1. Order these peptides, 52-65, 137-150, 98-111, by their mean beta-carbon neighbour count within 10 angstrom, highest first.
2. When each pair of different Cα atoms in segment 97-174 is counted once in the 1/r mean, what is the Kirkwood radius in angstroms, to one decimal?
3. Once you list every other residue whose beta carbon is under 14 Å from the beta carbon of T109, what net charge do they have if Lys and Arg are +1 and Asp and Glu are -1?
4. Pop a pseudo-label 7 angstrom from the Cα along the beta-carbon direction at both L94 and L27 and give the gap in nm to one decimal.
5. Over the chain, what relative contact order in percent results from Cα pairs under 8 Å that are six or more residues apart?
6. So what is the relative contact order of segment 50-139, in percent, for Cα pairs below 8 Å that sit 6 or more residues apart?
7. Which FRET efficiency value, to the nearest 0.05, is calculated for M146 and S86 with the Förster distance at 25 angstrom and r the Cβ-Cβ distance?
8. Ratio of alpha-carbon Rg to the 2.2 N^0.38 Å globular estimate for the chain, to two decimals, please.
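Read-outs throughout are calculated quantities, based only on the coordinates presented, and are distinct from any laboratory measurement. Model, not experiment: these values are computed from the prediction. When we count neighbours, we look across all protein chains shown, and the Cβ atoms used for this are built from the backbone with ideal geometry, even at glycine.
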Amino acid sequence: MSDQAVHLPTADAPTAAFEAEHRRMVLQRVQPGLIGLIDGTISTLAPIFAAAFLAGSRAALLVGLASALGAAISMGLSEGLSDDGSVTGRGSSLSRGAITGGATFLGGTFHALPFLISDVSTALAVAYVVVAIELVTIAFIRRRFMAVPLPVSLVQVTLGGVLVAIVGILVGHA
């Protein structure tokens with residue numbers, strides 16, 4: 001018999017393999033996407049709402065799209081250039097950057113689209129609902145993949161969103 005130990009499969013082997021694959025997916029796909037969704041949703045609120053109050057729906061739409069595109073490029077580069085994955089095990093920098101940038105664009109675009117409605121009051125009302133849906137969606141994703149309790153996540157993301165929206169409203173009324 002050889003000196004090498006024989007490793008027989010155990011009942012825990014499939015569970016361990018599943019957990020390792022789940023962890024890899026969270027690190028390489030979910031977490032970069034979540035970073036993008038949070039940043040895109042929250043960081044674009046202030047410029048969009050300020051533009052809506054200062055100049056109306058068309059300006060809010062254009063500022064929103066420009067903010068979403070600019071934030072997507074910035075966040076994609078930031079994530080992609082932050083590490084190449086060799087130290088952290090977070091996977092390909094190109095893949096993470098693309099995921100983060102794409103999610104940032106989506107997060108910043110959805111609440112800009114209500115400003116296709118020319119009446120700014122109606123557009124703002126629709127945008128508030130869209131933002132609420134975005135924040136609840138982010139809270140559910142955090143609950144599902146990051147094991148953050150839903151009430152805690154709702155408070156955290158809502159507080160962040162409200163603070164940035166208030167900045168936009170205050171600047172828009174300045």
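1. Working: 52-65: 19.5, 137-150: 15.5, 98-111: 23.7.
Result, highest mean Cβ count within 10 Å first: 98-111, 52-65, 137-150.
2. Taking the inverse mean of 1/r over all distinct Cα pairs, segment 97-174 comes out at 13.7 Å.
3. Net local charge, T109 excluded: -2.
4. With each label placed 7 Å out from Cα toward Cβ, I get 2.1 nm.
5. It comes to 30 percent, rounded to a whole number.
6. Working: 105 pairs, mean separation 28.9, N = 90.
Answer for segment 50-139 is 32 percent.
7. 0.60
8. Values: Rg = 20.6 Å, N = 174, 2.2 N^0.38 = 15.6 Å.
That ratio works out to 1.32.
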